[in-house]
1. If you stretched the chain out fully between residue 274 and residue 181, how much longer would it get, using 0.36 nm times the residue separation minus the C-alpha to C-alpha distance?
2. Using the count of nearby Cβ atoms within 10 Å as a rough guide to exposure, how do 375, 392 rank from fewest to most?
3. Taking the Cβ of each residue in 313, 352, 383 as the centre, tally the other Cβ atoms inside 10 Å and list the residues starting with the fewest.
4. Nearest 0.05, what FRET efficiency do residue 375 and residue 234 give at R0 = 22 Å with Cβ-Cβ as r?
5. For a quick check: sort 396, 267 by the number of other beta carbons within 10 angstrom, fewest at the front.
6. Tally Lys/Arg at +1 and Asp/Glu at -1 over every other residue whose Cβ is under 14 Å from the Cβ of residue 399; what's the total?
7. With N residues in the range 266-407, what two-decimal value do you get for its Cα radius of gyration over 2.2 N^0.38 Å?
8. Work out the FRET efficiency for residue 102 and residue 188 from their Cβ-Cβ distance, taking R0 = 35 Å, and round it to the nearest 0.05.
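Values quoted throughout were computed directly from the atomic coordinates according to the rules given, and no laboratory measurement underlies them. Because the structure is predicted, anything quoted here is derived from the model rather than measured. Note that we place each Cβ from the backbone using ideal geometry, even for glycine, and neighbour counts take in every protein chain shown.
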Amino acid sequence: MNQFLKTLLFFFITSMAFAQPSEQQKLEQRKEQILNEIAEKKARLESEKKKEKSVLKQIDQQKGLIALRQKLLNTTAKQTRILSDNIYLTQLEMNKLNRELTVLKEDYEKMIVKSYKSRNEQSRVMFVLSSQNFLQAYKRIQYMKQYADFRKMQGEEIRTKQQKLEQAEQNLKTNKKEKEKVLVETEQEKKELEKEKQEQERLVKSIQKDKKQIAAEIDKKQKEAKQIDRQIKKIIVDEIAAANKRNAAKTGTTAPKAGTKEATKFVLSAEGKVSSDNFKANKGRLPWPVVNGNVSQYYGDQPHPVHKNLTVHNSGIEITTEAGASARAVFAGEVLQVQVISANNKAVYIQHGDFITVYLNLASVNVSKGQKVSIKQSIGRIHTDASGKAVIKFLVLQNTTTLNPTAWLNM
């Protein structure tokens, strides 16, 4: 391998070794964030145990804690892989430096031996004086000078490579020590995860006696949720009809007839189409409707967390957040409707072309119908129950069709 390729390989390995720590720092920050969330979740769980008689709410909190603990384990697993890569790359660099040092030392040793044999000053003078002409004598003097310079350069190169080798050895020790630390942390987190799972199992067993009562409670809540879904759909259908009627009056066209499939879709203006396209283009990148929180119930039909034979339906997702937290718009748009479901459950509908985002379980609202809102703008305060738990229900629809919000948010 020529010197250029050797140099290129060295810089590649070095860049790989130094590129990793930035990712390592990001993982450390993410781990710290997850640990903070776990601490917060634990505090809320303890509060729930003291304040709430319902074990279901404790199980819900425990489920979120287990999910966070699993995220932490995934993060430490990534750290371990990065540190293993660092160790491997450093070992490659050390092997390369050792091979180069061996060759350099051998060459240098031969050069020293040769110099020793010809160390006599008289022999060097005779070497010059025995030249056949002046040009040859000059070349021989230059040769001896270059030879001395080369010896000095080789000595410097050997010292430089020895320093690099010592630094690589230090990096290797550091990475190995860090890996051992992460492995210990991982084992500890696994033990904590197992304890939390056992606690969840204990909570589940403690409510088996109340299965009928719980099933009735679930059924009641599902009926309430379905009733709210019907109200949401009716409000949107009415708003679509009103919007299409206004658009028809402006353009001199005929609005779609009630009861037809077309009557359940917005007839978009040029501005509305731009808003719709922009919303669609940001699928998977929308901010969360709260600053901090975790998904406590996902979209669609899913088994109940305790009674697997019972199915619960969710037309959106539920996000558990901090007590007193505010809801915020996930994208710029116009307030389509503000609905009062109950004293502590208000809903805000925001239109983005033919897409609609809905924010439920708001204790208070600070926007009004027809108001333009910007992305991340506060639209109201989320209701906090007696246990200190605040949950927002968030929906995404295209016309009257509900969509899975997790596909739209930056998860």
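1. 28.3 nm
2. Numbers: 375 13, 392 25.
The most exposed by this proxy come first: 375, 392.
3. Details: 313 12, 352 24, 383 21.
Ranked by crowding around the Cβ, least crowded first: 313, 383, 352.
4. Numbers: r = 28 Å, r/R0 = 1.27.
Taking R0 as 22 Å, the efficiency between residue 375 and residue 234 is 0.20.
5. Details: 396 27, 267 19.
Ascending Cβ contact count within 10 Å gives the list 267, 396.
6. On the way: positive: 233, 234, 261, 265, 273, 280; negative: 238, 239, 262, 354.
Net charge around residue 399: +2.
7. Values: Rg = 15.2 Å, N = 142, 2.2 N^0.38 = 14.5 Å.
After normalising by residue count via 2.2 N^0.38 Å, the value is 1.05.
8. Numbers: r = 43 Å, r/R0 = 1.24.
Computed FRET efficiency for residue 102 and residue 188: 0.20.
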